[in-house]
Amino acid sequence: MKNDVTKIVLAGEGGQGIQTIAKILSLALVKADYFVSYIPQFGPEQRGTPSVSFIQFSKSQITYPKFDTADIVMVLRRRAIKTIESYIGSKTDVLFDSSTIARQNFTLNNSRLFAIPATKLAEEEFGAKNQNILALAALAKNFLDYPKNALWEIIAEQLGKKFAKNKSLAGKAKEAFDFAYDFSLESKKFTKAEYDTSDSLIVKKNSQRVAVIVPKYCKGCGICILKCPVNALSFGKTLGVYGTPVPEIDIDKCINCGNCYRFCPDCAIRVVKK
Amino acid sequence: MKTPNEQFAMPQCLNSKSKPSLFCPGCGESIILKHLGNVVDSENIQSKTTLVIDIGCTLLSWNYFNFDIIQSHHGRSVPVSVGYKMARGSRVVIALMGDGGAYAIGLQSLLHAAFRNDPILAIVINNTEYSMTGGQMAPTTVPNEVTTTSPLGKNASIFGPAFHGPELVRQIANSKAFIARASVGNPTLMDSIITKAIENQQKNNSFSMVEILSICPTNWKTDAAESFEFLAKLEKIYPVGEVKKTLDKKSEDI
């Protein structure tokens with residue numbers, strides 16, 4: 001632990017579990033006899049802005065909960081970088097999710113970058129819900145050197161209700177936790193950001209019609225899939241702006257009824273006749 | 001055909017720089033705003049439209065369009081629109097509010113605007129609760145509906161039945177006023193009702209009000225299918241279509 005007061009910023013997309021892990025981390029630090037201050041960034045974070053939390057801990061009392069430069073920044077989604085970029089100084093350690101953020105998204109050169117491909121690991125191995133556990137374990141091990149079993153106890157206590165409902169979730173979470181705790185962070189070669197939001201349009205054509213889907217606008221509500229009368233739409237693999245899957249269209253099944261365009265809240269899909 | 005770009009699925013008058021919008025995934029209000037944009041495009045009135053927005057989720061539309069938008073206080077989008085219309089009569093003025101702004105705190109403004117036949121269009125988005133603050137019970141909450149402040153379901157004997165706003169306003173509104181209810185479950189009908197209401201303002205110089213039943217997946221805690229299922233239930237309680245005067249002769253004499 002570097003300074004007298006260590007300052008941490010955690011950032012990601014609303015609904016990703018940023019505040020959950022921030023709370024767990026704060027409780028863990030309290031258990032280790034630190035004074036801890038934790039404030040979530042309140043505001044419309046459920047409504048399309050990044051979710052951020054600010055944590056400080058120290059052996060002496062903390063007088064003020066706000067700060068200008070963080071010692072550790074963890075960021076899990078590209079959109080959140082803009083919000084927290086000003087907290088990154090020359091001595092800040094940055095931990096990011098290399099499967100959703102490319103190295104070149106960070107404009108600051110002098111910061112020390114470390115990565116764990118949390119989303120990729122979660123999607124492919126441990127279940128999508130566990131990506132915040134992966135990130136938390138990596139953060140606690142590599143930057144705070146927090147003991148493994150003590151941290152897991154607090155996670156199990158905090159998420160106990162969820163685990164009781166779904167037994168397999170608890171097993172997967174534990175696996176993810178163990179894996180990430182022993183994961184050696186990427187610091188030079190980063191995983192390709194294949195789970196990043198796609199900036200390009202999806203255009204599908206056949207002889208009669210053209211379908212356009214804009215992943216940048218799609219929030220993954222699934223209304224178009226529900227309203228399609230011929231089941232030409234289904235969730236695909238591309239990710240939209242909130243990291244949710246974007247619909248795929250079967251252009252030959254499509255009858256160009258216009259329902260998807262009519263019902264899409266975010267102007268993300270349209271099919272027109274050629 | 002033009003090469004498709006990001007604005008391909010977007011009405012012309014929408015501000016593409018503010019997208020993706022601030023609304024939650026699956027929000028009914030953004031469906032409504034998109035269709036309002038479609039109507040403004042098809043009526044070709046973008047250069048003379050002014051939208052007045054209220055507190056609540058409607059304020060998240062402050063940069064949604066490429067025309068003038070005024071932000072007013074809670075429940076005060078109707079009087080602000082009335083004043084604006086008085087000063088600039090050639091504009092098409094649309095007051096947008098939620099059911100809290102229209103029927104709880106702003107009811108007197110709405111009633112008197114209808115009573116005086118002020119030439120504005122009031123669009124009320126009804127999703128049966130206060131959404132921005134986390135889904136509390138509102139006047140429009142239907143009996144037995146679970147919200148955060150009515151966890152056992154709304155008790156109609158204490159809090160009253162569902163609040164029928166357009167029917168209430170119809171009773172005292174001028175006979176030239178156009179008052180109707182639409183639903184995001186039927187966007188085509190919604191388009192034609194909004195078009196009619198805007199024409200009523202322009203041609204008859206009269207008050208119009210459109211209540212639009214909407215969905216709120218975030219606070220209803222529903223997925224797409226369940227949201228539209230609940231909306232179908234609401235359409236049975238709040239009938240869609242133009243609202244006609246229902247007073248019997250006796251009370252009209254009074």
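The values are calculated or read from the model by the stated rules, or taken from the named source; none is laboratory data. Just so it is clear, the structure is predicted and the values come from calculations on it, not from any experiment. Every residue, glycine as well, gets a Cβ built from its backbone with ideal geometry; the counts of neighbours run over all protein chains shown.
For the range B:27-55, a tally of residues being within 12 Å of chain A (Cβ to nearest Cβ) and either closer than 24 Å to B:S81 by Cα or modelled with pLDDT under 90 (or both) returns 10. Taken over the range A:188-214, the criterion of being assigned to a strand (DSSP E or B) and not aliphatic (A, V, I, L, M) is satisfied by A:K204, A:K205, A:R209. Residues that are crowded, with 18+ Cβ neighbours inside 10 Å and touching a helix residue (DSSP H, G or I) at 6+ places or on another chain (Cβ under 6 Å) within the range B:133-161 comprise B:G135, B:A138, B:P139, B:T140, B:V142, listed in sequence order. Got at least one residue in the range B:209-223 being more than 14 Å from chain A (Cβ to nearest Cβ) and either over 15 Å from the mean Cα position of the chain (by Cα) or of a type in the set (S, T, Y) (or both)? No, the range B:209-223 contains no residue that is more than 14 Å from chain A (Cβ to nearest Cβ) and either over 15 Å from the mean Cα position of the chain (by Cα) or of a type in the set (S, T, Y) (or both).
The set of residues in the range B:175-197 that are in contact with a helix residue (DSSP H, G or I) (Cβ under 7 Å, 6 or more places away or on another chain) and farther than 30 Å from B:E229 by Cα contains only B:A177.
Residue count for the range A:211-241 under the criterion of being farther than 19 Å from A:S99 by Cβ, out of contact with any helix residue (DSSP H, G or I) (no Cβ under 8 Å at 6 or more places or on another chain) and facing chain B (nearest Cβ under 7 Å): the result is 1. Against the test of being under 12 Å from the mean Cα position of the chain (by Cα), surrounded by fewer than 17 Cβ atoms within 10 Å (Cβ to Cβ) and not basic (K, R), the options A:A118, A:A122, A:A128, A:A135 yield a single qualifying residue, A:A128.
Taken as a whole, the range B:218-227 holds no residue that is loosely packed, with under 15 Cβ neighbours inside 10 Å, in contact (Cβ under 8 Å) with a residue 24 or more places away in the chain and of a type in the set (G, A, S). Tally up the residues in the range A:242-263 that are of a type in the set (A, V, I, L, M, F, W, C) and within 7 Å of chain B (Cβ to nearest Cβ), please. Number of matching residues: 1.
Go through the range A:197-210 and count every residue that is touching an Asp or Glu at 6+ places or on another chain (Cβ under 9 Å) and facing chain B (nearest Cβ under 9 Å). Matching residues across the range A:197-210 total 1. Might you let me know whether the range A:155-169 holds any residue that is of a type in the set (V, I, T), within 21 Å of the chain's Cα centre (by Cα) and in the same structural domain as A:G17 (by TED's automatic domain parsing)? Yes, the range A:155-169 has at least one match. Note on the range B:1-26: among residues that are at the interface with another protein chain (Cβ under 7 Å from one of its Cβ atoms) and either over 12 Å from A:D266 (Cβ atoms) or of a type in the set (D, E, K, R) (or both), the one that is nearest to the chain's Cα centre (by Cα) is B:K19. Condition test on A:K59, is it more than 21 Å from A:I24 (Cα to Cα) and touching a residue at least 40 places away in the same chain (Cβ under 8 Å)? Spelling it out, it is not the case that A:K59 is more than 21 Å from A:I24 (Cα to Cα) and touching a residue at least 40 places away in the same chain (Cβ under 8 Å).
Of all residues in the range B:119-141, exactly one satisfies the criterion of being free of Cβ contacts under 8 Å to residues at least 40 places away in the same chain, assigned to a strand (DSSP E or B) and polar (S, T, N, Q), namely B:Q136. Taking the conditions (1) surrounded by fewer than 18 Cβ atoms within 10 Å (Cβ to Cβ); (2) assigned to a strand (DSSP E or B); (3) not hydroxyl-bearing (S, T, Y) in turn, A:Q104 satisfies each one other than (2).
Note on the range A:7-35: residues that are surrounded by fewer than 20 Cβ atoms within 10 Å (Cβ to Cβ), in contact with a strand residue (DSSP E or B) (Cβ under 7 Å, 6 or more places away or on another chain) and among the β-branched types (V, I, T) total 1.
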